[in-house]
1. What's the whole-number percent of alpha carbon pairs in segment B:162-282 lying beyond 18 angstrom?
2. Work out the FRET efficiency for E:Val160 and E:Ala189 from their Cβ-Cβ distance, taking R0 = 41 Å, and round it to the nearest 0.05.
3. On a 0 to 90° scale, report how tilted helix E:37-48 is relative to the longest principal axis of chain E, with both axes built from alpha carbons and the result rounded to the nearest 10.
4. For a quick protection proxy, order the peptides B:379-387, E:113-121, D:31-39 by their average other-Cβ count within 10 Å, most packed first.
5. Averaged over peptide B:311-317, how many Cβ atoms belonging to another chain are found within 10 Å of each residue's Cβ?
6. Per residue of C:106-116, count partner chain C-beta atoms within 10 Å of its C-beta, then hand back the mean as an integer.
7. When you take every Cα atom in segment B:530-580, what is the radius of gyration, and what is Dmax, the widest Cα pair distance, in Å?
8. What does the average come to when, for each residue of peptide C:5-14, you count the partner chain Cβ atoms lying within 10 Å of its Cβ?
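Computed from the coordinates by the stated procedures, all read-outs in this text should not be read as laboratory data. Keep in mind it's a predicted model, so treat the numbers as computed, not measured. Here Cβ is always computed from backbone atoms with ideal geometry, including for glycine, and neighbour counts include all displayed protein chains.
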Amino acid sequence: MADDLPIVLALLLVTVAGTATVLTRDPVRQVFALAGLGLALALLFAVLQAPDVALSQLAVGTALTPLMVLLSVRKVRRKARSERREEHE
Amino acid sequence: MTAAQLLPVLVAGPLLGAAVLVATGRWLPRYVADVFGAVVAGAASALALGVLVATAHRPAAVEWVGGWRPRHGTGVGIVLVGDGIGLGLAAVVSVLVVTVLVYSWRFFDDPPPHQAGAFPALILAFQAAMCGFTLTGDLFNAFVFFELMGVVAYALTGYRVDEARAVQGALTFGFLNSLGGYSLLLGVGLLYAHTGELGLAQLGAHLDAAPDGSGTLVKAAFVLVATGFLVKAAAVPFHFWLPDAHTVAPTPVCMLLSGAMVQLGVYGVARLYWTVFAGSGALPEAAVHRALLALGVLTAVTGALLCWLQRHVKRLLAFSTIAHTGLFLVTLAVLTPEAVAGTALYVLGHAGIKAALFACAGILVDRFGNVDEQELHGRGVRLRPVGVLFTVGGLALAGLPPFGTGLGKALSEEAAGGWLTVLFVAVSAATGGAVLRVAGGVFFGLGSPPAEEDRPHAAGRHRAGGEEQHEDAETTGADEPEETRERVTRAPDTMVVAAAALLAAGLAVGCVPPLWSAVSRAADSFTDHSGYAMAVLYSTGQHLTHSPAPHWSPAGVTLGLLSTVLAACGAWAALRTVPSGVRPRWSLPLRRLHSGHVGDYVACVVAGLTLLAALVW
Amino acid sequence: MNGWLAAACALLLVGFLPTLLAMCTGSVRRRVLAQNLATVLAALALLLLSQGWARSSYTDMALVLAVLGPVGTLIYERLLGEELRADRPSRRVTRTMTVLSVAPVPVVVVPVCVAATPGRTTLKLLFIAGLLVAGSALCTRALTTPPGGDGSHG
Amino acid sequence: MSILPYLVAGWLFLAGCYGLATSRNLIHAVGSLAVCQASTYVLLLAVGYRRGGTAPVFSDIRPGSRPVVDPVVQALTLTDVVVGATLTALLLALVVQVSKRHGTVDPDELRELRG
Amino acid sequence: MSLRVRMVVLAVGLLGLAAMLVAAFRKLPGFGGSWHPYGQRAVETALGRHTSNVIASINFDQRAFDTMGEQAILFGAVLGTVVILRTTRDERRVEPEPARVPAPLRRYALAVLPVTLLTGLYVVAHGQVSPGGGFQGGVVAATALHLLYIAVDYRALQRVRSVPLFTLADAAGEAGYPLLGLGVLMTGASFLENVLPYGTLGTLSSGGTVPVLNAAIGLEVAAAVVVLLAQFLDQAIVIESEDGEQGAGSVGDGDGRRGEGGAA
């Protein structure tokens, strides 16, 4: 059982982060939960002895996914803002 | 080099073509890119047909990619299996892709900057995905091509990005299909854990050898994997993406989605059942029969009702595809070689006819910028050739002999038998009748035009927010942006020729007896669970006793004529009444279900998973 | 289960889990700071784990994380600059966060270096430690400098 | 313990579906879909794990010196991670266009394609 | 569907699904078991081919066909994103504004850029020997380039990032797989058969065609990620709609746009 402790811990982390990702409704805040999920998954992959998968999860989850999501959020917000301004005019 | 060795080329060739198109897209003029795409697709279809003919009377062509042939029935590689049904579907897909590329020569004035070849490149990647999916004998590999098909199809569906509805439909499509893909992958995980294998033949062999007692695991795996395929096949309640995607996708893409991709979902379920689960005691035949039959009937009825209620012509055709998918599933539920042969011929005929109908609808879009049945009333009179093609397509869809759809319907009725005959006749009549109604109203000006005030307020419809929210809202076909460079004044020859050729192909399916016997042989080996495993793992062919070749039976012809007459009468009756713009109250819950809301659709898919599980258990 | 793995578990439980919770709750500022700390702690946990399993090739994971972690933080800083600038933490928070993210690095890396067979692995470990210290310290500072400190938008 | 990892995979799938179905923001929905996908990673790798095993990467250990975990599921998961990242990109691109054309990314306010 | 109905449908679905999954999981072989027949075969096969990273051997040799599909997914998704995020008729491109990034940040990012790039290349190069490979390294290398946007501004990134060139590299990497496969086929062997000498276990040139395919995928992934991010960055920074979606610099910092009125 003690040998499985790292795995249990990593599973706990993944569960927490995954649940938080779903429950965080604001996309900007969700990015952080998603990044946390990425890190937790990478740790889980590492303790499951899958360094190759952990590496690709780190490569994708640390910078690439947050960058894409944040750029989308930025575009979406700008659009919403300009729509609001149009309405005010 | 043997014929089998060429199987991977059916996937690699189009992919290479796509890469070349993207690499040179900056410098290529539009038409060169289009011609190149058509040539590559044409070469692939020639290859598929060639291998199909070369291996027609021999056991299936089996190719272990990378030369990883198994020893003593175990291996590490991926296998491609070019048996009659799989390779035949690959050939159909490839030929359809060529037609679509020819059809779309006049399309899209707005290629992405410096990417003249983007559209043909995406189509070629789509072709590669579909061919890979039909040929592969490995479950995870099937998932890969499932996802490739999806990714390319979302992009193609959303191709006209300046259209509000296009991007929304593509996004719905993306969400639901991805969810289906993950369900599929979970199922693959369960199967791998249980058997330690990924190849279909190995999985089947393992389940035969060591059936798990209660069957819980096997059933769950079947449900999860089949859900993935059924999402692709647009079976109710997994179908919600299909009408939305077809309403908004460019017409050539609709032709591919409805003509081939949806049927590949049905193919996936059938392939999965016969190669993996058919021999294992854990998944009783009765359970699979029950599940497919229930979903099939539900799908057919829902599709037919909603098809009849539509006024957006492409959406109408989309629901008719759903209705026919339901019929395919009902037939497959019989789980006999005859049923598979009937379904295969039905799918073949349907591919030609449905693609031709979409092609005609596309001409309407280009001519009038509108595919709304009521708005276009009588305006298509001058497009007489198109009108004739559309009418013939409607008759064929209703099951008129000697079209391939008629033959497929007749054989399916024979296989399914009993009260299901009523279902086949009714659904064919409803879908064919809806098409004939459109044909009569739009192309021949029959019946009375809708009252003026019922015309939709075209201006207000396209901006969300400003529009009043009617509970009874429906999707109209007004304000459809043309897909050609400029609004065409007459139907372009390439388009009409493509539509006519597709109809002719649909007709040929019902008139060429050698094809029937070939399909019958293919169906025999398709349903041969142990034969597949022997051919794949030990390269030994077994001699099968072939079931007699299918043919037109008097009963089939009569029922085909009956449903055609019913369709014509229904269309005539509908045209005689003045369209009131109000649709029957009983249809409200059904229509409200199609709310365009991703959340609703996801909830339905999850509930559908549970439904399927309940049916299988 | 050896000492290294026990240490990794302790780090995950006492260090990473609270940081993860901080990442998933609260203001954007808090989340960014927590994210920065989380990458450092995860990288250290990976180092401990690879030592615990005696797999030197696993250190590549920590290497990639040490390289990309600060990049991620800088992306947040760049794209959420407005929100972050409106809500700068106090100097005390800055100092605490810097200490929290820098201090564990030598605590973990030095013993691992001592235990590992000297050679290329040691160099790699030191390199990772350098990246972690520089990256996290700098990111913490960038995230917490008062508005006058950067001149974006003049 | 013997089914805990599988349960976590199942939980992630259900949670992701819940998030998708109740989402009020399409970007959030894309994130929820990523959670669904995470469940497939967890399931696959959990299936391939072997107690006491190590990764079958023989750069720093001798082949045969230690038991190894199943590499096949790792290769599958690797493919899956790539699929997930690209899918996220494509869906986000579509969300960006939805926001441009509809002025909103709230699925409740997208009132087209009904009936 | 009203929200209430949707929640009921969803609850039924989730409960049923949960019940089915739990029932199935209970029948799975227990976690951590030692029975992995396919895995064992894969390990033996990889060692037979002198590839020390068995995962790389599966990805690029034993199940190389999967990876060809995976690569096509990436390629298709990037092409799809290019198509979907193209500049439409009602949009225009504006010059991005220069951004002023704090000096220490800029120095750090510029110093880390080559380190990140080298790390990426290192991870690609060692793919068939130690953990890593074309995909992981390709993403890291592509991320490195975007430090220019973080450290300096979008204009700096635009100067070194020629989208046509990277599109070409993307297509070349994508073509590498089918080309190699077809080339091998011409020699009479099977598609994608590993025909090169296997080399010595544990060296960079071991594994026959594995390093070649690994490099092809590294090239494709790096180029594809750059092209992909270019679409998103363009959308967020330089593309705006004609009907006055301006708000220069209102979100984030620098990189706002120099609309007609607000030329800096």
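1. On the way: 3945 of 7260 pairs.
That tail contains 54 percent of the Cα-Cα pairs.
2. Values: r = 41 Å, r/R0 = 1.00.
The value I calculate is 0.50.
3. Around 90 degrees separate the two axes.
4. Details: B:379-387: 17.4, E:113-121: 19.3, D:31-39: 27.3.
Those peptides, ordered most packed to least, come out D:31-39, E:113-121, B:379-387.
5. On the way: counts 1, 2, 0, 0, 2, 0, 0.
Mean inter-chain Cβ contacts per residue within 10 Å come to 1.
6. Working: counts 0, 0, 0, 0, 0, 0, 0, 0, 0, 0, 0.
Taking the mean over all residues of the peptide, I get 0.
7. Looking at segment B:530-580, its Cα Rg and Dmax stand at 23.3, 66 Å.
8. Values: counts 5, 3, 0, 6, 7, 1, 1, 9, 4, 0.
Per-residue shielding by partner chains comes out at 4.
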